[in-house]
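Here the structure is laid out as structure tokens; the discussion comes afterwards.
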Amino acid sequence: MKANTGKIIDVDLSRGAITIDELPEEYYTKYIGGSGLAAKIFWERGNFEAEPLSPEAMLIFMNGPFAGLKLSGVSRHSTAGRSPLTGGWGDSSCGGYFAPELRYAGYDGLVITGKSEKPSLLLIEDDKVKILDAAEYWGKGATDVNEALKERFGKAYRTLVIGPAGENLVKYSVILNEGHHATGRAGFGAIMGSKNLKAIVLKASKKTMTLADPEKAEALRKDLNPRIKEALASEVLHENGTAANLIGGMYAGDVPIRNWTSNFWEEAAEDLTGSTLTETYLTRRSSCAFCGIACKRVVEVKDGPWAVPEGPGPEYETIVSFGTLIGSIDLAATCKAGRVCNNLGIDTISAGGTIAWAMEAFEKGDLTLEDTGGIELKWGDMDTVINKVVPLIAAREGKLGELLAEGSAAAAKKIGKGADYTVHAKGLEAPMHDPRGGGHGLALTYAVGARGACHVADPMLFAEMGARYYPEIGFEYELEPMTDENKAEAAVTIIAIGGLENSSCFCQFADAEVTIPDWIELFNTVPGYGWDAEEMLRAGRRVFYLKRLINFRFGRTADDDTLTKRMLEPARDGEPEGIEINFEGMKARFYELTKMDPVKAIPVKEVLEEYGMGDEAGVVW
Amino acid sequence: MEYWKDANEPIEAFVKLFEKGFKDPDLSGGLKKVNQLIWFDYTQDGPDCSFWVDCRGGELKTGPGKPDDEPNLTMSLSADDAHRSWSNKLNPVMAITRKKIRVKGSATGLLKLAPKLKKVAVLYVETLKELGRDDIIL
């Protein structure tokens, strides 16, 4: 096996023990890398009884097989474990610069258990791995600590850092690479915080990796890079960022407004779309390592209440979650909110979703001034959101901060009201794509996704837009977004592609240009897996299945493959107004096609055996 | 061609469609924001089968053939797919993914027009009726 090093760093923070483990090659050829390989490691070594924030909990960082290759879109890594937000399987993909550096240092990943007695950081310099004291950084912002670490160790060192929210065990806290590339979803910042681990700092002395077939891999890389860069979607993303098509999404009914009570806000379409950000606050563009798309924004808001110095700008998810979702069309405020959330170490999607829920609860009288500590929660009141609510959440301060730090599903449960208008699957707040307008297939994949409502677990969102076409494997569906037609059928392939994407840690924006023959060529010339199309797709689907088995062992069943009432009620306005989603029909058909048990929500024993998962089947059947 | 008798017929319809669009305040406002010279290239259906729309400098113009200036954006497709597109019966993203539409140049401005395709389709139906081509209305 090439590209992958086969080595992971195993850290037990309780004992201060560091070992280098070698993984069996079969783990890679069966589970690819990234979140798939992390799931396999968790399956084999994880403590299924351990609470996510207990010392026994396992936190996994894992590269994909292409990390280190100078190819657009592959410089991502996956973080995984049991999510403190949902209690189920969680994984989160992060771009930036950590993944290639880890590969060059000689490792495919890290597995961290235990709890350090005092605040600590992990320093990795090739084969030297040390646990250092980090008391001086504890309590400080993630962005600030990133800068301090760069000053101490050098600019070439790559960092993963948590903010105060992670230290305070906010259930949706993030881990940031280079101070702004976020491991955003599922609350892994809180796991780092629970282990007293403030940061991981990394530098490799050499920048090389091995390849199974260097000549062919290089030829493919040279072919793919310009194709990815010059694709229409890439040019649009480069020009106007991930919010480039917010305007189109608004007219389609894809953009959630005021806690998903509306699907159309004409003024917001123009005010918040990517080209407006370009024309107002953009100073330059930036990228993850080796990526020619460069969809990242660098912005400066020169004056006004939301003035921010030049620095990382908001992506689509932040623009909507701190925009229309909470009743605001103030683009400058989203720039500020993104910066504040980064430094505090909070996921903007879950934060926006939880605050939007709280605003509706306050409007309905389900949350009172007594519950909020005297804070009025009003749609679009960005001053209160940015200057009061978000800091209270990060600090778990006061009744409101303590309540909202748990996320919307737990908060509704705690007050015994408002569950009907939460917006999540399996406890993970939904991203800023409303399946009622964005596509009914998205409702299905939100519900059956292992970590909960997620638009990047698989490419269903893109498939329903018409941007996924794999004729070599018969995926030629012309999907109409606002129907259930062929959605379950498409999902069978889509989850396999999602397994490939998230296990190879390939960015969905970049891999849109990667054809099935390209994927096979990449796997065969970079790590040398020796696959054909069938074996490759089986690996992708196997990853999906394994995550379901893990969730089953956490007590999840078919009842958990669902969406909340608010998400399934017909839209009240906009393009999708009045249209029902045939959710149960799609779900039943998907279970049938994937031969999943209708109660346990895992594949039947025969399917698991067919996928080479006989040992796993023995545990669950 | 499935819908057109000759290469001149679609161009006449499309130029007329844009001339109508220029008179619509909403569409003309949107087109001015695009601020590009666009060449709609259907030459796969005949050397003269193309037209241009000039949205630069706050003025709107259109005409048959290739523009004299170098276009900022070229969209190449068949005249039949163009008919489906102006009828709002062709998913542009899907068409681009399947290489039915090839784009050269920056299409970011056109994204702003995407929400207005429904309105364009209404004008297109009117145009086809005026040209006596009710038979190809989709």
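The values are calculated or read from the model by the stated rules, or taken from the named source; none is laboratory data. Everything numeric here is computed off the predicted structure, so don't read it as measured data. Positions of Cβ are backbone-derived with ideal geometry, glycine not excepted, and every protein chain shown enters the neighbour counts.
Scanning the stretch A:339-353 for residues being in a helix (DSSP H, G or I), touching a strand residue (DSSP E or B) at 6+ places or on another chain (Cβ under 7 Å) and of a type outside the set (Lys, Arg) gives a total of 4. Restricting to the stretch B:97-111, name every residue that is within 15 Å of the chain's Cα centre (by Cα), at the interface with chain A (Cβ under 8 Å from one of its Cβ atoms) and not small (Gly, Ala, Ser). Passing the criteria: B:103, B:111.
Here's the yes/no breakdown for (1) within 22 Å of the chain's Cα centre (by Cα); (2) free of Cβ contacts under 8 Å to residues at least 24 places away in the same chain:
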residue: A:424; (1), (2): yes, no
residue: A:437; (1), (2): yes, no
residue: A:453; (1), (2): yes, no
residue: A:469; (1), (2): no, yes
residue: A:487; (1), (2): no, no
residue: A:495; (1), (2): yes, no
residue: A:502; (1), (2): yes, no
residue: A:527; (1), (2): no, no
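Reported count of residues in the stretch A:212-250, each being assigned to a loop (DSSP other than H, G, I, E, B) and surrounded by 17 or more Cβ atoms within 10 Å (Cβ to Cβ), is 7. All conditions but one from (1) on the phi < 0 side of the Ramachandran plot; (2) under 26 Å from the mean Cα position of the chain (by Cα) apply to residue A:134; the one that does not is (2). Out of the residues in the stretch A:252-289 meeting the condition of being of a type in the set (Phe, Trp, Tyr) and within 13 Å of chain B (Cβ to nearest Cβ), tell me which one is surrounded by the most Cβ atoms within 10 Å (Cβ to Cβ). Taking the candidates together, the pick is A:264. Each residue in the stretch B:112-136 was checked for being exposed (fewer than 15 other Cβ atoms within 10 Å of the Cβ) and away from chain A (no Cβ under 12 Å), and 8 pass. Test residue A:529 against the criterion of being of a type in the set (Phe, Trp, Tyr), surrounded by 19 or more Cβ atoms within 10 Å (Cβ to Cβ) and within 14 Å of chain B (Cβ to nearest Cβ), and give yes or no. No.
Checking each residue in the stretch A:585-611 for being surrounded by 20 or more Cβ atoms within 10 Å (Cβ to Cβ), in a helix (DSSP H, G or I) and within 25 Å of the chain's Cα centre (by Cα) picks out A:586, A:587, A:590.
Return yes when residue A:483 is within 14 Å of chain B (Cβ to nearest Cβ), in contact with a strand residue (DSSP E or B) (Cβ under 9 Å, 6 or more places away or on another chain) and modelled with pLDDT of 95 or more and no when it is not.
No: the conditions fail for residue A:483.
Count of the stretch A:424-479 residues, restricted to those that are assigned to a loop (DSSP other than H, G, I, E, B) and in contact with a Lys or Arg (Cβ under 6 Å, 6 or more places away or on another chain), is 4.
Residues in the stretch B:82-96 that are more than 9 Å from chain A (Cβ to nearest Cβ) and either crowded, with 17+ Cβ neighbours inside 10 Å or touching a Pro at 6+ places or on another chain (Cβ under 8 Å) (or both): B:82, B:83, B:84, B:85, B:86, B:87, B:88, B:90.
Look at (1) in the same structural domain as residue A:521 (by TED's automatic domain parsing); (2) at pLDDT 95 or above; (3) at positive phi and you find that residue A:441 fails only one, number (3). Checked against the criteria, residue B:19 counts as of a type in the set (D, E, K, R), closer than 15 Å to residue B:127 by Cβ and either in contact (Cβ under 8 Å) with a residue 24 or more places away in the chain or in a loop (DSSP other than H, G, I, E, B) (or both).
Here the stretch A:374-398 is the region considered, the condition is being surrounded by fewer than 15 Cβ atoms within 10 Å (Cβ to Cβ) and in contact (Cβ under 8 Å) with a residue 12 or more places away in the chain, and the residue that is nearest to residue A:318 (Cα to Cα) is A:383.
Test residue A:283 against the criterion of being touching a helix residue (DSSP H, G or I) at 6+ places or on another chain (Cβ under 8 Å) and either without any contact (Cβ under 8 Å) to a residue 12 or more places away in the chain or not assigned by TED's automatic domain parsing to the domain that holds residue A:443 (or both), and give yes or no. Criteria not met by residue A:283.
Of B:26, B:54, all but one fail to be surrounded by 14 or more Cβ atoms within 10 Å (Cβ to Cβ) and among the charged types (D, E, K, R); the exception is B:54. Inspect the stretch A:512-521 for any residue being under 30 Å from residue A:267 (Cα atoms) and charged (D, E, K, R) and give the result as yes or no. Within the stretch A:512-521, not a single residue is under 30 Å from residue A:267 (Cα atoms) and charged (D, E, K, R).
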